[in-house]
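What follows is a short report on a single structure.
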Amino acid sequence: MNASITYWRKLLVDDPNANLILVADVSAFYYYVDHDLLHQSIINQSGKPDTADAIRALLGDVLGRGFGLPQNVGASQALSELIIVKAERQLIRKGLNVARFNDDFRVGCQTQREGEGALMLLQHELNPLGLVLNENKTRLVPREQYLEHLESFPARIREAVEADDVDVGIVDWYNNLARPEAEPQEPGIDQTREYGPPDIDEDAAMRLLGSALHRLEDTDSGWSRFEESVNRVLASLALQALLSLRSGRAAAEGIRILTADPALTPQYADYLKVLAEGGSQEVLPALSKVVSSDALCLSPWQRVWLMQPLLVRGVSLPSGIVAWVSENYKNSSTEILRARSAHVLGLHGVLAITDLTGGIDVWSEAARPDVVAGIARHPRAGVDRRESDSIRAGDVLDKWVFELYGA
């Protein structure tokens with residue numbers, strides 16, 4: 001459903017017949033998305049089996065299994081929609097008043113009996129998708145109680161911001177994403193450019209980031225998932241505020257950020273990338289500390305994300321970074337990580353262009369675009385015409401990627 005979270009949650013409240021709201025959540029939805037089912041759904045929607053093949057191969061290589069989607073990656077939400085929308089459509093066709101955001105369902109019901117019937121029907125539609133409802137998060141809620149719950153998350157955000165003596169304008173910015181026309185996603189770094197938080201200085205943003213990380217680090221407090229989500233949003237907001245100010249003060253906090261919550265890796269990596277694009281001198285020293293830290297055990301997907309700042313043309317890689325990327329290129333068992341490493345090493349001329357073109361056919365369809373990008377952006381791409389021409393004369397996708405990055 002293409003609406004913001006707050007708007008989506010309030011839709012059913014506007015229905016005078018919704019005396020009860022069925023609140024239902026799919027158990028570990030992203031973890032159990034079946035790749036074969038997703039493959040067929042992509043073909044049905046796009047008519048492009050080659051794209052479906054590449055996406056299935058990519059997911060299988062990254063995750064090492066035939067099911068699941070990476071968490072906290074924007075593309076995962078788009079792919080997951082192809083699966084979960086099947087259940088929503090069936091409920092709507094059967095006359096239910098349904099609202100949905102990703103794997104969270106809301107069904108407006110008049111009576112207890114109607115609500116129980118809706119619950120059984122929803123589970124029935126999820127079964128063919130290999131999904132089940134989370135019993136601990138699925139319940140019938142009276143209308144008034146549901147309304148009260150709607151306000152709890154933004155209220156907790158505001159409370160935390162005020163406690164840190166930060167301008168509540170940043171909360172208004174967060175709530176701005178709740179407009180009906182806004183995209184249904186949690187705040188991300190790229191949104192800073194459109195919805196920059198107002199009237200907040202560097203000290204306030206760093207204070208907000210520090211408090212959020214402190215609470216995420218405090219594992220003895222037994223924070224609920226609700227509190228984890230609150231603090232993850234606060235940390236993201238702080239990074240965005242700093243980015244809107246073009247401040248690199250949080251760059252040096254990488255180890256702490258990733259230790260407190262590995263799910264913040266995409267936000268931190270994008271933060272560094274935008275700083276690098278602006279010529280910041282703080283990015284590479286900070287990243288060097290992160291990738292060499294004994295306190296972190298970076299997963300392959302985290303390593304892929306952390307190479308984002310290294311894909312900025314004109315950045316001069318220090319020897320430690322070159323060694324780290326080269327190690328991933330030579331020894332990683334994850335092909336996608338090796339391909340991203342090849343992209344970085346090609347861009348910066350560390351690998352010879354012939355090293356990249358010579359083995360292009362051994363890469364899978366999912367990994368090859370990164371390698372082709374490394375060839376297109378190689379310092380000698382315009383000199384070694386024979387190598388470039390071999391790509392242009394090859395696979396259609398390779399040619400498209402080469403022209404895209406070589407422009």
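The values are calculated or read from the model by the stated rules, or taken from the named source; none is laboratory data. Quick caveat: nothing in here was measured; it's all calculated off a predicted structure. Methodologically, a virtual Cβ is constructed for each residue, glycine included, from the backbone with ideal geometry; neighbour enumeration extends over all protein chains shown. Note: areas computed on protein heavy atoms with side chains; ligands, DNA, RNA excluded. Shrake-Rupley method; radii C 1.70, N 1.55, O 1.52, S 1.80 Å.
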(message) Whole angstrom only: what separates the Cα centroid of the range 12-34 from the Cα centroid of the range 289-304?
(response) 36 Å
(message) Considering all projection directions equally, how large on average is the shadow of the alpha-carbon convex hull of the range 249-407, in square nanometres?
(response) 9.0 nm²
(request) With label points built 7 Å along Cα→Cβ from the Cα atoms of residue 295 and residue 256, find their separation and express it in nm. (result) 0.9 nm
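By how many nm would the segment from residue 50 to residue 139 lengthen if fully extended, with 0.36 nm per residue of separation less the alpha-carbon distance? Don't skip to the end; give the middle numbers.
On the way: separation 89, 0.36 × 89 = 32.04 nm, distance 4.15 nm.
So the extension gain works out to 27.9 nm.
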(message) Under the rule of at least 5 residues apart or a separate chain, name every residue whose amide H is placed under 5 Å from the amide H of residue 97.
(response) 108
(request) On the protein heavy atoms, probe 1.4 angstrom, tell me the percent of accessible surface of the range 278-348 carried by carbon and sulfur. (result) 50 percent
(request) In whole Å, largest first, what are the principal axis extents of the Cα atoms in the range 108-162? (result) 46, 28, 15
(request) Take the Cβ-Cβ distance between residue 37 and residue 281 as r, set R0 to 60 Å, and report the resulting FRET efficiency rounded to the nearest 0.05. (result) 0.80
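What is the gain in length, in nm to one decimal, between residue 227 and residue 355 on full extension, counting 0.36 nm per residue of separation less the C-alpha to C-alpha distance?
Details: separation 128, 0.36 × 128 = 46.08 nm, distance 4.86 nm.
Difference between extended and current length: 41.2 nm.
Ignoring ligands, DNA and RNA, what percent of the 1.4 Å accessible area of the range 23-135 is carbon and sulfur? Walk me through the numbers on the way to the answer.
Numbers: 2790 of 5420 Å².
Its accessible area is 51 percent carbon and sulfur atoms.
How high is the relative contact order of the range 25-72? Use alpha-carbon pairs under 8 Å, at least six apart in sequence, and give a whole percent.
Numbers: 44 pairs, mean separation 23.3, N = 48.
With pairs under 8 Å counted, the relative contact order is 49 percent.
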(request) Enter the per residue convex hull volume of the range 261-343, computed from alpha-carbon coordinates, in Å³ rounded to the nearest integer. (result) 88 Å³
(request) Could you state how much accessible area residue 301 has, in square angstrom rounded to the nearest 10, with a 1.4 Å probe and all protein chains kept in place? (result) 80 Å²
(request) Mind jotting down the three principal axis lengths of the range 64-116 based on Cα atoms? Whole angstrom, largest first. (result) 44, 19, 19
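Report the gain in length on full extension from residue 124 to residue 217: 0.36 nm times residue separation, minus Cα-Cα distance, nm rounded to one decimal. Walk me through the numbers before you get to the answer.
On the way: separation 93, 0.36 × 93 = 33.48 nm, distance 4.00 nm.
Difference between extended and current length: 29.5 nm.
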